[in-house]
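One structure is given below, encoded as structure tokens.
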Amino acid sequence: MTKIKKINFMKQKLSLRPVRFFSEASKKKAVKDIESGKATVLRVSREYGASLRTIYNWLNKYSRHLQSSKRIVIEMESEGYKSKELEKRIQELEAALGRKQLEIDFLNKMIEKGKEELGVDLKKKFSTPPFSGSEVTGNSTAIK
């Protein structure tokens, strides 16, 4: 096939579908049939030879019930419910933290009481100096 034949063939292929204009009355009739349940969007689309998008545009324009400006948001759980659950969780965690702090304060008080009554420091000291075995004591004999 030569280039000219290809171009002519492509022009024919592109212009196979004729341009159609529908009257306002036919559009309104189609919308009325869909709203009343006499026909589906697919059936009207096939009957008129129009795309589904075209039929939905008609519905948005002429329908009494279906308006495109209405947006319905469906959520599994609302934001208010989630925030209430999170606030409840925060309260539970704060209560647990308060109980642990009371326990720590109680144990520190017990250690102080034990030190007062026994005269011994019950807290562990982690900063004790290491044992140094290289020092010479006064009563040891040095080998020379």
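The values are calculated or read from the model by the stated rules, or taken from the named source; none is laboratory data. Quick caveat: nothing in here was measured; it's all calculated off a predicted structure. Positions of Cβ are generated from backbone atoms using ideal geometry, with glycine treated the same way; all protein chains shown enter the neighbour counts.
Going by what's in this entry, would Glu77 be described as surrounded by fewer than 10 Cβ atoms within 10 Å (Cβ to Cβ) and at pLDDT below 80? Talk me through it step by step, then tell me what you get.
Working: surrounded by fewer than 10 Cβ atoms within 10 Å (Cβ to Cβ): yes; at pLDDT below 80: yes.
The answer is yes for Glu77.
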If you take the residues of the range 100-144 that are in a helix (DSSP H, G or I) and among the basic types (Lys, Arg), which of them is modelled with the lowest pLDDT?
Lys115
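Considering only residues that are outside any loop (DSSP other than H, G, I, E, B), modelled with pLDDT of 70 or more and of a type in the set (D, E, K, R), which ones fall in the range 8-34?
Here is the first cut: in the range 8-34, the ones outside any loop (DSSP other than H, G, I, E, B) are 8-14, 24-34.
Narrowing further to those that are modelled with pLDDT of 70 or more: 24-34.
Scanning the range 8-34 gives Glu24, Lys27, Lys28, Lys29, Lys32, Asp33.
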Residue list for the range 35-50, filter: modelled with pLDDT under 90 and touching a Ser or Thr at 6+ places or on another chain (Cβ under 8 Å):
Glu35, Tyr48
